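One structure is given here, and the rest of the page talks about it.
The values are calculated or read from the model by the stated rules, or taken from the named source; none is laboratory data. Keep in mind the model is a prediction, meaning the values are calculated, not measured. When we count neighbours, we look across all protein chains shown, and the Cβ atoms used for this are built from the backbone with ideal geometry, even at glycine. What goes into the accessible areas is simple: the full protein's heavy atoms, side chains included, and nothing from ligands, DNA or RNA. Shrake-Rupley method; radii C 1.70, N 1.55, O 1.52, S 1.80 Å.
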Amino acid sequence: MLKAVIIDDEEMGRIALREKLTHYCPGVEIVGYAEDGTTGLQLIENSNPEIVFLDIEMPIMGGFEMLSQLKDQSFHLIFTTAYDQYAIKAIRFAAFDYLLKPIDIEELKQAVSRIQKETIKDTRKKLEVLQHNLQSESITDKIAVPTLEGLLFLTIENMVHLEADSNYTTIYLSNGTKEVTSRTLKDYEDLLPKSLFFRCHHSHLVNLKTIKRYIKGDGGQIELENGRYVAVSRRKKDDFLSKFKSL
């Protein structure tokens, strides 16, 4: 049984989440509640939970500020929020789960199932990425990538080329290595900045800054700085050339 706390300023939100966890996540035991970050700090320190369900926007002290003040980050973390697109993107870059209110039961079950497969140390590393991106001018700097061995933390500009492999994605890095990640190429297409990455083919997403040259053809080919060649689909050719010329 995993001990959990709910930190949310809305009473109905706390009640609704408690009821859904009780009925649909029998492996989770709720051991406390808090209505703001200040009392949330005390709750975490006193109860030593294994899961923290944390609202982002709260009075007195918000969720991100509370996390920055925590000395012990030995727990799994699932964010809950009603809005705030900037925060959601930062959360996704750090590979945290988030639940949009009103919370969907299936999404809740999936989030709990995923964290049961993680180690506590992943939370500390992911929080470093989250806090780094929230403090920088752009959140498109560092990203946490789930691989078959665990989490890998990458600087985005070092990602040269991403290639689809069924429900997995192979990421080719500027140092010549590659990593297989348990996310789809569509996930990365949605997540990575479109000003820097372009999906030139259904199987390929490229870093525009790493393109060495374009070779004309039906759709054409891209030669990357790492020596790899990537096809451009016919329907993507015009969009790609427009992007390529603007670099």
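Within the set of pairs 6+ apart or on separate chains, which have a first residue in region 149-175 that is closer than 22 Å to Tyr229 by Cβ and among the acidic types (Asp, Glu), a second that is open to solvent by less than 50 Å² (accessible area, probe 1.4 Å) and at pLDDT below 95, and C-beta atoms under 8 Å apart?
Here the result reads Glu157/Leu196, each pair linking region 149-175 to a residue that is open to solvent by less than 50 Å² (accessible area, probe 1.4 Å) and at pLDDT below 95.
Quick check: anything in region 210-221 surrounded by 15 or more Cβ atoms within 10 Å (Cβ to Cβ) and either closer than 25 Å to Val145 by Cα or in contact with a Leu (Cβ under 6 Å, 6 or more places away or on another chain) (or both)?
Yes: region 210-221 contains one or more residues that are surrounded by 15 or more Cβ atoms within 10 Å (Cβ to Cβ) and either closer than 25 Å to Val145 by Cα or in contact with a Leu (Cβ under 6 Å, 6 or more places away or on another chain) (or both).
Condition first: of a type in the set (A, V, I, L, M, F, W, C) and open to solvent by 20 Å² or more (accessible area, probe 1.4 Å). Now tell me which residues in region 74-93 satisfy that.
Across region 74-93, the qualifying residue is only Ala82.
For Lys20, which of the numbered conditions (1) assigned to a helix (DSSP H, G or I); (2) within 23 Å of the chain's Cα centre (by Cα); (3) surrounded by 15 or more Cβ atoms within 10 Å (Cβ to Cβ) fails to hold?
It fails just one condition, (2).
Do we have any residue at all in region 150-170 that's among the acidic types (Asp, Glu) and open to solvent by 60 Å² or more (accessible area, probe 1.4 Å)?
Just the residues of region 150-170 that are among the acidic types (Asp, Glu), to begin with: 157, 163, 165.
Adding the requirement that they be open to solvent by 60 Å² or more (accessible area, probe 1.4 Å) leaves 157, 165.
Yes, the conditions are met somewhere in region 150-170.
Taking region 125-149 as the search range and keeping residues that are of a type in the set (Lys, Arg) and in a helix (DSSP H, G or I), which one is least open to solvent (accessible area, probe 1.4 Å)?
Checked region 125-149; the qualifying residue least open to solvent (accessible area, probe 1.4 Å) is Lys126.
State the number of residues belonging to region 76-104 that are within 18 Å of Ala144 (Cα to Cα) and either over 15 Å from the mean Cα position of the chain (by Cα) or of a type in the set (D, E, K, R) (or both).
Going through region 76-104 one residue at a time, the tally reaches 3.
Scan region 33-42 and give yes if some residue there is open to solvent by 40 Å² or more (accessible area, probe 1.4 Å), part of a helix (DSSP H, G or I) and aromatic (Phe, Trp, Tyr), otherwise no.
no
Within region 22-43, work out how many residues are at pLDDT 95 or above and more than 25 Å from Glu65 (Cβ to Cβ).
So the answer is 6.
This table checks each residue for (1) under 23 Å from Lys186 (Cα atoms); (2) in contact (Cβ under 8 Å) with a residue 40 or more places away in the chain; (3) part of a helix (DSSP H, G or I); (4) open to solvent by 40 Å² or more (accessible area, probe 1.4 Å).
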site: Ser68; (1), (2), (3), (4): no, yes, yes, yes
site: Asp72; (1), (2), (3), (4): no, no, no, yes
site: Ala95; (1), (2), (3), (4): yes, yes, no, no
site: Gln110; (1), (2), (3), (4): yes, no, yes, yes
site: Thr123; (1), (2), (3), (4): no, yes, yes, no
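So the check is Cβ under 6 Å with 6+ separation or different chains; which pairs have a first residue in region 9-33 that's touching a residue at least 40 places away in the same chain (Cβ under 8 Å) and a second one that's in a helix (DSSP H, G or I) and open to solvent by 40 Å² or more (accessible area, probe 1.4 Å)?
Lys20/Ile105; Tyr24/Ile105; Tyr24/Lys109
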